[in-house]
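For reference, the structure discussed in these notes is given below.
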Number of protein chains: 4
Amino acid sequence: MNKIRMGMVGGGQGAFIGAVHRIAASLDGEIELVCGAFSSTKEKSVSSGLSLYLEESRCYEDYYEMFKQELLLSEDERMEFVAIVTPNHLHFPIAKLAIEHGFHVMSDKPATLSLAQAYELKAVLEKHSVLYGLTHTYNGYPLIKQAKYLIEQGELGNIVKIVVEYSQGWLASKSDETSKQASWRLDPEKSGISCCMGDIGVHAANLAEYVSGLNISDICADLTATVDGRTLDDDGTVLLKFSNGAKGLLLASQVSVGDENNLKLRIYGDKKSIEWSHLSPNTLWLKSNDEPTQQIRAGVGKMCEAAQQALRTPAGHPEGYLEAFGNIYLNFAKQIRAYQNHEICDNHTFDKQAFDVPGINEAIRGMAFIEGAVKASQSEIKWHPFMPKIANKEAN
Amino acid sequence: MNKIRMGMVGGGQGAFIGAVHRIAASLDGEIELVCGAFSSTKEKSVSSGLSLYLEESRCYEDYYEMFKQELLLSEDERMEFVAIVTPNHLHFPIAKLAIEHGFHVMSDKPATLSLAQAYELKAVLEKHSVLYGLTHTYNGYPLIKQAKYLIEQGELGNIVKIVVEYSQGWLASKSDETSKQASWRLDPEKSGISCCMGDIGVHAANLAEYVSGLNISDICADLTATVDGRTLDDDGTVLLKFSNGAKGLLLASQVSVGDENNLKLRIYGDKKSIEWSHLSPNTLWLKSNDEPTQQIRAGVGKMCEAAQQALRTPAGHPEGYLEAFGNIYLNFAKQIRAYQNHEICDNHTFDKQAFDVPGINEAIRGMAFIEGAVKASQSEIKWHPFMPKIANKEAN
Amino acid sequence: MNKIRMGMVGGGQGAFIGAVHRIAASLDGEIELVCGAFSSTKEKSVSSGLSLYLEESRCYEDYYEMFKQELLLSEDERMEFVAIVTPNHLHFPIAKLAIEHGFHVMSDKPATLSLAQAYELKAVLEKHSVLYGLTHTYNGYPLIKQAKYLIEQGELGNIVKIVVEYSQGWLASKSDETSKQASWRLDPEKSGISCCMGDIGVHAANLAEYVSGLNISDICADLTATVDGRTLDDDGTVLLKFSNGAKGLLLASQVSVGDENNLKLRIYGDKKSIEWSHLSPNTLWLKSNDEPTQQIRAGVGKMCEAAQQALRTPAGHPEGYLEAFGNIYLNFAKQIRAYQNHEICDNHTFDKQAFDVPGINEAIRGMAFIEGAVKASQSEIKWHPFMPKIANKEAN
Amino acid sequence: MNKIRMGMVGGGQGAFIGAVHRIAASLDGEIELVCGAFSSTKEKSVSSGLSLYLEESRCYEDYYEMFKQELLLSEDERMEFVAIVTPNHLHFPIAKLAIEHGFHVMSDKPATLSLAQAYELKAVLEKHSVLYGLTHTYNGYPLIKQAKYLIEQGELGNIVKIVVEYSQGWLASKSDETSKQASWRLDPEKSGISCCMGDIGVHAANLAEYVSGLNISDICADLTATVDGRTLDDDGTVLLKFSNGAKGLLLASQVSVGDENNLKLRIYGDKKSIEWSHLSPNTLWLKSNDEPTQQIRAGVGKMCEAAQQALRTPAGHPEGYLEAFGNIYLNFAKQIRAYQNHEICDNHTFDKQAFDVPGINEAIRGMAFIEGAVKASQSEIKWHPFMPKIANKEAN
């Protein structure tokens, strides 16, 4: 048996997230990078590919060329799936073309540039037998899986409140806008109608739903373009109602000076509550009113199976972001193996979380969140349904 | 010279906050308790007073009696100020009567049962030459004063965002309602139109304004009576706009299981930010994007004068809630000394923070916050002005 | 009934620990300061006393005068006990004279200047019916009492290892030596044969024995006078063996730059372990290998009676050093009440911890520790018995 | 250009550290595993190798066979270095044979079973032109490199005290001895003369020397076999003197119930101090007496080049143990590239840290520490030189 073969679009020299995807994909020795269209020019793409020890012939000018050429290779040589690590506006066209060529897709988030595109992507997927994954990285942390498990087991009782925050400071000033990372995120053509909610708010919304098992039903939003001259939000707060009546709060910011990547999740039930912070990801707090707070540490004592499988070392060996990212890829690799073995095909994977990989449903809910937050923020009315009325019918 | 003589209304055996006021008042040896109307019956009042080593003759049946009898005593024997530590509905009538008898007042918060009463209290104060203080305890922490100072000095730049949270879990379930502390807080006749916002939200609002030096200008609120059968809110989120255009967020909860008394304040400027948590009150974080976060510790290095005066021990000796509470009283004692020395009289003290004691203006803004949050929560419109239109004219 | 009347020797203006004793003593309204010999001159003593609202006639020139004059007052007016808050070399003569005049004594630590003096003090106490307390402050923390309780209940199993550290940085450089606090501590005539071990190491040793319920049996020591020109140790490590065979380690330092007052205690049993840090005194960690660590918080859930009585506020209201110090005094006040009621007299109180106040036995063990550590450090042999041979017979 | 080709001895299914080495080696895409002798039987070795997607022909029965067969392959196909991940007693013979076959070596620690073997290994290396690395993993953390840099820059002033602890609880009870990991570590034939000091104490000693740039000169040790029936130490404390006169303390334990992998380092200078904890590896504390403590976070602001190169993600993305381990391999890969380019050969690499990979000198000092601690513990004399007299001549 061979490693699963991955191609990559984007992620040339100087990019941040491309390197992260490559490390994450190869972390467990199940996936190998075999080809890529890394940059905007053939020359740069080849240069990037050679530094990654790829054959020059498989460093392509663009993704059209890559999909075409790879299809000409023998089945046990050609790329099996493509990792899409470009700016947002390219996620959809690349994913669509890959699917139409029969390649599985692992896309960075947000899945598309609009909710409409997300529905279109779902329609394309329904016509082809391929797998689709979305890197909502934070789902990959072992203790996030343990938190989800505790809630499923009823440890918290009925959930009454969810507070999720994702606070960064890196776009706090005008002078921060010149970096490669900043410039496309602040450009509506490449980023979509939101900067902050599209880049990180959507992660927070996904995490809240993933761990709680609840769906957001209504939102009230106040987004701000804090720094002069910006057309997209760089900060915002969204009040939430959940499907079971629980209240919630999502705070996202890119202008909170001094905050690194402060993703925090608190879920309160009527019996107990959990608290998790991305900056100390190997600790989960389980709290109640009358007993000592439990400091659950990754690998200590008995963990649920999903958490155990997401750990590579014993207790006391800090694992972090790359490992969490690796878990998304590891589960996707297992999904592809199951596909190779004809245990699953596309039709099944849309509907369930059998392999614990965020997919097309998360893609649609993510785009609904981003568009919904922007529209709700522009309204003088307080509350708005999470899914637009028409969309509602289709999505749930 | 003698200690300043304090009387007390409320705070009989079994009460929580009365004992706190007594410790706080006597902490620095400047104030002594000389009389009280501690309970609802003469017998209980005497019993409480005797256990506090008071003379039986100065343990009164009620506050009418106390004010009347104390006035009959000689000037260097009689009580100089009254500490009001009853449930909310009695704060106003007791304060009003005390002022009319010429006694200074230190009132627990919220100052009154309604905004209208707060205006009435201000009118009464304007007619009498006495001092009025309000125990917004959290102002008393040394590092809160240091944070205020850093902001005044411009260390943070322009403030763009304020997040303040006050999260407790003690009212999370129906069975928690039977305690003495809980029952009156959930009773609209004694508590007013809000439980959670009136009890702790108002502290958070005060703290945000005190430290930032900004006024809240607009609010959007979503309050909830989480537990079945409650008529008053036990949880809520309030979106904030500040006078300088900064955005903000106030979260208060009494149903967040496992949270003790989690008051947290984060203020973000365009240069730096500060972070403080009540559960580690001797640490203040000063953060920026490009330099190491500074962990400012109470008593380490140079602190502003207000912080230095609020500390009783050198660095490394944890001080806490009682000391912070004591600082409110210590500053009030200084104010009374200045009054005794004819350096100040009532007219001046309403207008400025010369002695750093929350007063009638804080009382009015506090009641505006509580009433405003409840009304905004009931509205389908998102944003509402912080001060009602009519009130606005008078208050600012 | 009246408050218990306290006199004070030392603690004039500018002193640190005197003010701490006064706050601690008066915290709970059970004790009042009635007289003092605060300073080296009558003038300064009066000035200090007046600022504390004492009558001038009870501000004495020295402690001889104070003891003599107070005895002349009526029984319900005169001071009942004396708090000794001078530099070390005066602890013994003042305590001795007070006892001989029939006053109870609360002494700052270390009890005396030498082990021989400690034995002499015990002999004096055996001849008089008075009470003797020693302010090993850290015993007063509620969660220290909870830790002691957990160990008594067998929660940790057999204790196998104890690590206690007390690390400060305030004497790290030559220039730090000029302060009033530093100069006498570095002077052998006033401080005794040790600076660091005598000032803080002895607290750490006491805490380890108090919480564990074990006695240190053997020590190996390495003390250092880190800063040039010092004759006394400012840093040191002591290896420990305990009476049950457990190993241990005591680290004390006054030259650990940047450390405030970092007293930390870890006790490991063969089943569980506890961890406590003075800088977060309201948290106690209970750890095991296979279950989540329990974060025990002051006031949350059920605590042992001693811990509960040592708390003045509900969970979530940080209490600190002054409150812990106050608990030593509160227990001493209860002891004095029992004495007044003829429930106890001196003979009983030497032998047991009925009132949980450190006493003459702790005084002797403390002096044995200080002298033993200095001597062991000078030796080329590794291990030495904790109590000198002769002493051994008498002390255990 | 191709990836560097690695073979592995040990690390078959069920082993812990082998998988860690594989992930670490491949993390940056510079090294690929091409062959291995993973287990004690051919069958198991093949099974392990196939699960790693190796060719069956390169899954060898033992390391003799592997070295012999790989030499027969063409130069651009054969393994270039071997990773040794067996129990301790095999480190030396495998490394020796590999070197004699001309293969570079990356060995797990401790390097050998005795100090004598370590000297012999050095002698072998001096006769062959190959590279030798030792996985003192904790050196690989970015903030450890930053700490080392700050000290080199003189930020701390003269170092006066070093405290290093490595505390675990996993061997606390008899029942923990049955696991594969535990059984060989407690067996003198496989583990050497020490369990705890050999397994983790040696890491702590190395870390203290690496960061401080100082050498330990003298030790006083007290090791304990805490659990009944053990012949090797499972806990111990070592007092240290350093080459510049600084004092220190090394605490290592495998019986500290509830401790995971608590490696902590504190280094005190006469100006500032640093503190680092393995369980929060992305934070470094820089402390002084008069300024706020600086919380240095990985990736925030300007870091030294070695720290920057050891980071794979921007600030706020927690990196951990696998990444630190990966940094040892990444630097070894750079060293091998330099060797391939004839920029260095063996003679140079013994003497300097040009590529920041622990090597044969660290191997010798590590074995000196382990043997020295055991012998010092058995002695009644307090202090002992770190290097045995004869060894001394050769090693420094």
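The values are calculated or read from the model by the stated rules, or taken from the named source; none is laboratory data. Not measured: the values here are computed from a predicted model. No Cβ is skipped: glycine too gets one built from the backbone with ideal geometry, and neighbour counts run over all protein chains shown.
Quick rundown of the values:
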{"item": "Residue match in the stretch B:123-140 (condition: over 30 Å from B:G316 (Cα atoms) and among the charged types (D, E, K, R))", "result": "yes"}
{"item": "Qualifying positions in the stretch C:250-272 - closer than 14 Å to C:L150 by Cα and either among the hydroxyl-bearing types (S, T, Y) or more than 11 Å from chain D (Cβ to nearest Cβ) (or both)", "result": "C:Y268"}
{"item": "Of all residues in the stretch C:146-166 being polar (S, T, N, Q) and over 20 Å from the mean Cα position of the chain (by Cα), the one that is surrounded by the most Cβ atoms within 10 Å (Cβ to Cβ)", "result": "C:N158"}
{"item": "The lone exception for D:Y53 - which of (1) assigned to a loop (DSSP other than H, G, I, E, B); (2) aromatic (F, W, Y); (3) in contact with a Leu (Cβ under 7 Å, 6 or more places away or on another chain) it fails", "result": "(3)"}
{"item": "D:I193 being assigned to a loop (DSSP other than H, G, I, E, B) and either under 19 Å from the mean Cα position of the chain (by Cα) or not polar (S, T, N, Q) (or both)", "result": "yes"}
{"item": "Index of the failed condition, B:T41 passing every other in (1) surrounded by fewer than 22 Cβ atoms within 10 Å (Cβ to Cβ); (2) in contact with a His (Cβ under 9 Å, 6 or more places away or on another chain)", "result": "(2)"}
{"item": "Members of the stretch D:139-187 found to be aromatic (F, W, Y), assigned to a helix (DSSP H, G or I) and in contact with a Pro (Cβ under 9 Å, 6 or more places away or on another chain), listed by number", "result": "D:W184"}
{"item": "D:E275 being within 14 Å of chain C (Cβ to nearest Cβ), part of a loop (DSSP other than H, G, I, E, B), closer than 25 Å to D:K161 by Cβ and of a type outside the set (A, V, I, L, M, F, W, C)", "result": "no"}
{"item": "Candidates A:L265, A:L250, A:L214, filtered to the one that is within 20 Å of the chain's Cα centre (by Cα), under 15 Å from A:F386 (Cβ atoms) and in a strand (DSSP E or B)", "result": "A:L250"}
{"item": "Matching entry among D:E305, D:E343, D:E323 (being acidic (D, E) and at the interface with another protein chain (Cβ under 9 Å from one of its Cβ atoms))", "result": "D:E323"}
{"item": "Flag for B:I17 being surrounded by fewer than 22 Cβ atoms within 10 Å (Cβ to Cβ), hydrophobic (A, V, I, L, M, F, W, C) and under 22 Å from the mean Cα position of the chain (by Cα)", "result": "yes"}
{"item": "Which listed residue is touching a His at 6+ places or on another chain (Cβ under 7 Å) and modelled with pLDDT of 95 or more, from B:L263, B:L214, B:L207", "result": "B:L263"}
{"item": "Total residues in the stretch B:286-298, condition free of Cβ contacts under 8 Å to residues at least 40 places away in the same chain and part of a loop (DSSP other than H, G, I, E, B)", "result": "5"}
{"item": "Failed criterion for A:N206 (all others in (1) within 12 Å of chain B (Cβ to nearest Cβ); (2) crowded, with 19+ Cβ neighbours inside 10 Å hold)", "result": "(1)"}
{"item": "Selection count, the stretch C:278-288, where residues are more than 12 Å from chain D (Cβ to nearest Cβ) and small (G, A, S)", "result": "1"}
{"item": "Flag if D:A324 is within 25 Å of A:Y138 (Cα to Cα), in contact with a Phe, Trp or Tyr (Cβ under 8 Å, 6 or more places away or on another chain) and at pLDDT 95 or above", "result": "yes"}
{"item": "Some residue of the stretch D:12-35 being part of a strand (DSSP E or B), farther than 27 Å from A:A24 by Cβ and either modelled with pLDDT of 95 or more or away from chain A (no Cβ under 12 Å) (or both)", "result": "no"}
{"item": "Residue that is among the small types (G, A, S), away from chain C (no Cβ under 14 Å) and either touching a Cys at 6+ places or on another chain (Cβ under 6 Å) or under 26 Å from D:S39 (Cα atoms) (or both), where the choices are D:G198, D:G213", "result": "D:G198"}
{"item": "Criterion: more than 19 Å from C:K375 (Cβ to Cβ), of a type outside the set (G, A, S) and at pLDDT 95 or above - qualifying residue of C:L186, C:L232, C:L150", "result": "C:L150"}
{"item": "Qualifying residue in the stretch A:106-117 (condition: assigned to a helix (DSSP H, G or I), under 15 Å from the mean Cα position of the chain (by Cα), away from every other protein chain (no Cβ under 14 Å) and surrounded by 20 or more Cβ atoms within 10 Å (Cβ to Cβ))", "result": "no"}
{"item": "Checking B:A298 against (1) surrounded by 23 or more Cβ atoms within 10 Å (Cβ to Cβ); (2) facing another protein chain (nearest Cβ under 7 Å); (3) out of contact with any Gly (no Cβ under 7 Å at 6 or more places or on another chain), the condition it does not meet", "result": "(2)"}
{"item": "Hits in the stretch B:310-320 (condition: within 22 Å of B:D108 (Cα to Cα) and either modelled with pLDDT under 95 or more than 7 Å from chain C (Cβ to nearest Cβ) (or both))", "result": "B:A310"}
{"item": "Pairs with Cβ under 7 Å, 6+ apart, first in the stretch C:303-328 and within 9 Å of C:K145 (Cα to Cα), second assigned to a loop (DSSP other than H, G, I, E, B)", "result": "C:A306/C:D356"}
